[in-house]
Structures are given as structure tokens and as C-alpha cells.
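For reference, the structure discussed in these notes is given below.
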Amino acid sequence: INKKKIKIYMYASVFQTPSAVQKIKELLKDKPDHVGVKVGVRTRGCNGLSYTLEYTKSKGDSDEEVVQDGVRVFIEKKAQLTLLGTEMDYVEDKLSSEFVFNNPNIKGTCGCGESFNI
């Protein structure tokens, strides 16, 4: 019998770039009572959904926890499928600095970039 090896990959909802990891570490240094950040989505904007990002003091009962390089990111239950395979980056240029979500599940965005749909 000829057996083939099959690789199965588990995907976390959100992967962080080194830049995002470093920025979250910097932000949490000033907040010793917070254990990480929580990512979610809310109904908003002209295209349906927008991202939320906030400090959190604890893991919610149904949150998915992603730990990367010592940084804890919690994904709200209702956002887990929407964010599956998303890269979270932190980008700085001369005019702005922000967390950017590169989400492969997005089907469309609004013109101003504030909302998206799946």
C-alpha cells in the first residue's frame, strides 16, 4: 500500500506582523492591568462592517486567544469567521500611523475605506 503524507494546517483568526507585535508591546507597557488587545467587527459604515480594537483586562468566555511573540490578541466570537486568515499590521508614514487588517475574506469596501463586506 502506498501511503501519502497529508499536512493539515490550523489557521488562527489573526496573524500579526513583527511591526504590529512591537507596537502592541509598546502600548501595553503603559497599561499593566491589561493583558492584551481584543479585535472584533461592528456593523457600521456604508458597506456593512468595520474593525474594532481595544485593550482588554481578561479573555472573554468565547474569545479565541492568539499568542504571538508574547503578545496576546483576543478575537471576539462573532468576528472569528470574518477574520479567519487575516494579517494584522502596523503601518507608519509621514502623515499617519495605524493598525491595518489585510483580510482575504473581504468581497468589497466603501470608497472612504471605513467599512467592508464579506
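Observations
- In the range 67-92, the residues that are part of a strand (DSSP E or B) and closer than 19 Å to Pro32 by Cα: Val67, Gln68, Val71, Arg72, Val73, Phe74
- Residue in the range 34-41 that is at pLDDT below 90 and open to solvent by 90 Å² or more (accessible area, probe 1.4 Å) present: no
- Filtered residues of the range 15-54 (kept if among the aliphatic types (A, V, I, L, M) and not in a loop (DSSP other than H, G, I, E, B)): Ala20, Val21, Ile24, Leu27, Leu28, Val37, Val39, Val41, Leu49, Leu53
The values are calculated or read from the model by the stated rules, or taken from the named source; none is laboratory data. Worth saying up front: this structure is predicted, and the values here are computed from it rather than measured. Protein only, heavy atoms only, side chains kept; ligands, DNA and RNA dropped before computing areas. Shrake-Rupley method; radii C 1.70, N 1.55, O 1.52, S 1.80 Å.
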